[in-house]
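Peer 1: Handing you a structure now.
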Amino acid sequence: MEERDRRRMKAEKLVELTMAGRDASHDAAHAFRVRDLALSLAREEGLHDPHSLEVVELSALLHDVGDYKYTK
């Protein structure tokens, strides 16, 4: 398994743990949908560099982790 895959799996696990119990609009499934859409858009716009795609993927996955609205 590549290091990139390990980072992705760790991020997915973090999202699942920190977003558990949230309403469906901002649960883990939401983060996974955002990730899928962000990667699709990035590729459609011509982004193919693996490092850049990883940045897009991790950013999309983690975009709501630590959001102040959910940490009160």
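Peer 1: Could you tell me whether LEU17 is loosely packed, with under 12 Cβ neighbours inside 10 Å and part of a helix (DSSP H, G or I)?
Peer 2: yes
Peer 1: Identify, please: which residue in the range 56-71 is surrounded by 15 or more Cβ atoms within 10 Å (Cβ to Cβ) and modelled with pLDDT of 90 or more and is, among those, farthest from the chain's Cα centre (by Cα)?
Peer 2: Taking the candidates together, the pick is VAL56.
Peer 1: So is GLU44 loosely packed, with under 11 Cβ neighbours inside 10 Å and at pLDDT 95 or above or not?
Peer 2: Yes.
The values are calculated or read from the model by the stated rules, or taken from the named source; none is laboratory data. Since we're looking at a predicted model, the values are computed, not measured. Glycine gets a Cβ as well: all are built from the backbone with ideal geometry, and neighbour counts include every protein chain shown.
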